[in-house]
Amino acid sequence: MSTVYTVPGEGLLSLTAAELAEKIHSRELTSREVTQAFLDRIAETDGELNAFLHVGAEEALAAADAVDASLDAGEKPASALAGVPIALKDLFVTTDAPTTAASKMLEGWMSPYDATVTVRLREAGIPILGKTNLDEFAMGSSTENSAYGPSHNPYDLERTAGGSGGGTSAAVASGQAPLGIGTDTGGSIRQPAALTNTVGVKPTYGTVSRYGMIAAASSLDQGGPSARTVLDTALLHQVIAGPDKFDATSVDKPVPDVVAAAKEGAGGDLTGVKVGVIKQLSGGAGWQQGVLDRFQAGVEQLTSQGAEIVEVDCPSFSEALAAYYLIMPSEFSSNIARFDGMRYGLRVGDDGTRSADEVMSLSRAAGFGPEVKRRIILGTYALSVGYYDAYYLQAQRVRNLVARDFAKAYEVADVLVSPVTPTTAFKFGAFSKDPVEMYNFDLCTLPLNLAGLCGMSVPNGFAAEDDMPVGLQIMAPAFQDDRLYRVGAAFEAGRK
Ligand code: GLN
């Protein structure tokens, strides 16, 4: 097993984003030297990690110089993270770098506008190091569906860094970037975080703008932060969240003070906090014992920090996976229709002899990988006349039950906890024969997407069998994202 690609123990790369920001703002370090150090780390390690699809060194350094100039002129930092660089999942559109969604379909395409998240990063003075790898159009759990090869886990290069946001998690876990942005439709921020010993948060639906984030399943997708500490994640959450007039599903509510919550939690005291353990997400066939042992140890730790543990019953969660894998492909099959070989990116067979329909069909056949095609077929089938009631509508009923089970659980618990994944990071190819086995890997993360709630994965040690990272999932009700940070920071402090 190789650990050479985990974060260096000393030097600039070992600092947290909060520490880097402090040194940049006090002028002990410049944003340029910090940004350059991460660019060097990428150049040194990305041949093997494959975390980035595009590195924008020049643009990142120009953004860093702008921050340095403004700080040298005595101006206040544009944000708490001004000057600290970031890795951005290649699902957010950017005007100064290509956006591919890890698909051949979008190869060479440049967006005419920036996503709202991209704009907020720029306005906050956060240099964008580059665009990170993912499963094609965020469909998958390992980045093996990327058209550009998978990202490798910094803890063991023969294993996945998770998915769909494996590029971001590999970058953060290896010290290529102190901060990262992902998207989470069914777990794509939390699951890669768990598999790489990092922190990842899926904010409440409607609180981070989806404008300019290429849609997978619009009622489930949400952008969110990744980092190595809960506080860094909170600082980034604060930058990207908040109402946006360009996103019709954006909720017009102030963002809870997640930074204050993380700082409060760092004291480690959980007295009076009621933590629910979900009966349905606590083991079963195919679960790795070391993951269950870590979960048990995590729950004991929470108890020792003063939390009160209650068991909660969420019977509908046993059907949540099936419902997700109907709703998700249904919405996706409709969203992906815009990539037709006419408007964006790849066009195949347009030689003057073929009809538009033929060109569309040839372009889509050449541009999309097998998993994307599978989901288009699944989704189109579930939405078709005659099957709509039996599949799509039935799945929506389960979705309602999931939301009700969560609501009932939150009557007795302030937060819920569960493992994030049934096993640690798997080896490449482990699920290549049966895609449904890969889908099963998402069983703990996707319920809260169905209900539009928020969740965090926070490091919870290493499994005994393979010494690979394990995460603890913390979940909270809608718009109570601050609870995640309070409990997450307390858990993190308690582990030290
Ligand atoms: N693995 C899940 C899927 O394939 C989740 C993906 C995501 O969150 N983008 O749909």
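Quick look at the numbers
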| read-out | value |
| --- | --- |
| In segment 20-113, chymotrypsin sites (Phe, Trp or Tyr not before Pro) in a DSSP loop with at most 16 other beta-carbon atoms within 10 Å | TYR113 |
| Set of lysines near LYS274 by C-alpha distance (under 26 Å), chain-local residues within fewer than 8 positions excluded | LYS202, LYS253, LYS263, LYS408, LYS496 |
| Dipole axis of segment 9-62 (+1 Lys, Arg; -1 Asp, Glu on Cβ), positive-most option in THR45, LEU13, ILE24 | ILE24 |
| Calculated FRET efficiency for the pair LYS76/VAL436, C-beta based, R₀ 60 Å, to 0.05 | 0.70 |
| Qualifying trypsin sites (Lys or Arg not before Pro) in segment 1-51, DSSP loop, other Cβ atoms within 10 Å at most 10 | ARG27 |
| Computed FRET value (nearest 0.05) for GLU158 with GLU58, which takes r as the C-beta separation and R₀ as 30 Å | 0.35 |
| Cβ crowding within 10 Å averaged over residues, with 174-185, 232-243 ranked highest first | 174-185, 232-243 |
| Cα-centre dipole for segment 133-282 with unit charges at Cβ (Lys and Arg positive, Asp and Glu negative), debye to 20 | 300 |
| Ratio Rg/Rh [Cα only; Rh per Kirkwood] for the chain | 0.96 |
| Nonlocal amide H pairs with GLY471, under 5 Å, H built at 1.01 Å | VAL420, THR421, ASN460 |
| Within segment 70-130, trypsin sites (Lys or Arg not before Pro) in DSSP loop having at most 13 other beta-carbon neighbours inside 10 Å | none |
| Of all accessible heavy-atom area on the chain, the percent that carbon and sulfur account for (1.4 Å) | 52 |
| Spatial separation of Cα centroids for segment 376-440 and segment 80-157, in angstrom | 25 |
| FRET efficiency, 1/(1 + (r/R0)^6) with R0 25 Å, evaluated for ASP350 and ALA248 via beta carbons | 0.15 |
| Size of electric dipole in the chain: Cβ of Lys, Arg +1 and of Asp, Glu -1, about Cα centre, debye, nearest 20 | 880 |
| Residues of segment 266-389: accessible area per residue with a 1.4 Å probe, Å² | 49 |
| Cα lying deepest toward the dipole's positive end in the chain, options ALA266, GLY187, GLY379, charges on Cβ | GLY379 |
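The values are calculated or read from the model by the stated rules, or taken from the named source; none is laboratory data. What you see is a predicted model, and the numbers here were worked out from it, not measured in a lab. Backbone-built Cβ (ideal geometry, glycine too); neighbour counts: all protein chains shown. The protein model used for the area step is the full one, side chains on, heavy atoms only, and it has no ligands, DNA or RNA in it. Shrake-Rupley method; radii C 1.70, N 1.55, O 1.52, S 1.80 Å.
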